[in-house]
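Novice: Provided herewith is a single structure, encoded as structure tokens, for subsequent inquiry.
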Amino acid sequence: MSTLMIGLLQILAGAGGFALTRAPLSFVPLIVGFTLAAVGLKARSNSSVALEGAGLAVGLVAMVFTASAVPRLFLLLSGANVERPGDIFVLGVCALLSLVHSTLSIRRLFRSRLTS
């Protein structure tokens, strides 16, 4: 369920970022969000470790590739001037959502391994 919700939040962040800034990098959270939402929808119908692993892989890859925007996002939120603030905001939100998703997925996988 969290995969679907994080995917929908990623879609919302990407669509909102593109609507506000017309930044082409806003498509990164859209792609990640659509992928996570599709995995989340499929996982609702049949719960398998492979689907959770696929969702985790997507989240980890997105987190690694967008992590460089997080320090600049904190600078932006503290009031500093940064270059291309729209891109920084969208990619930073994508990285933070991917971090939350990866953390929840790892906890869920460990919990399922411990109970089985």
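Laboratory data are not the source of any read-out in this text; all were calculated from the coordinates shown. Because the structure is predicted, anything quoted here is derived from the model rather than measured. Cβ atoms come from the backbone with ideal geometry, glycine included; neighbour counts cover every protein chain shown.
Novice: Would you please state the base-10 log of I(q)/I(0) at q = 0.09, 0.22 1/Å for the chain, with intensities from the Debye formula using one equal scatterer on every alpha carbon?
Specialist: -0.25, -1.10
Novice: Still on this structure, please answer the following. Which whole-number percent gives the relative contact order of region 2-115, counting Cα pairs below 8 Å spaced six or more residues apart?
Specialist: 31
Novice: In nm, to one decimal, how far is the modelled label at Met5 from the one at Val82, with both set 7 Å along Cα→Cβ?
Specialist: 2.6
Novice: Which residue fluctuates most in the GNM of the chain (Cα springs below 10 Å): Leu30, Leu20, Leu12?
Specialist: Judging by the Gaussian network model, the answer is Leu20.
Novice: Go through Ala80, Ala50, Phe27 and say which Cα lies farthest out towards the positive end of the charge dipole of the chain; charges sit on Cβ, +1 for Lys and Arg, -1 for Asp and Glu.
Specialist: My answer, from the dipole projection, is Ala50.
Novice: Now for a different question. What FRET efficiency comes out for the pair Leu75/Thr21, r = Cβ-Cβ distance, R0 = 30 Å, nearest 0.05?
Specialist: Between Leu75 and Thr21 the formula returns 0.95.
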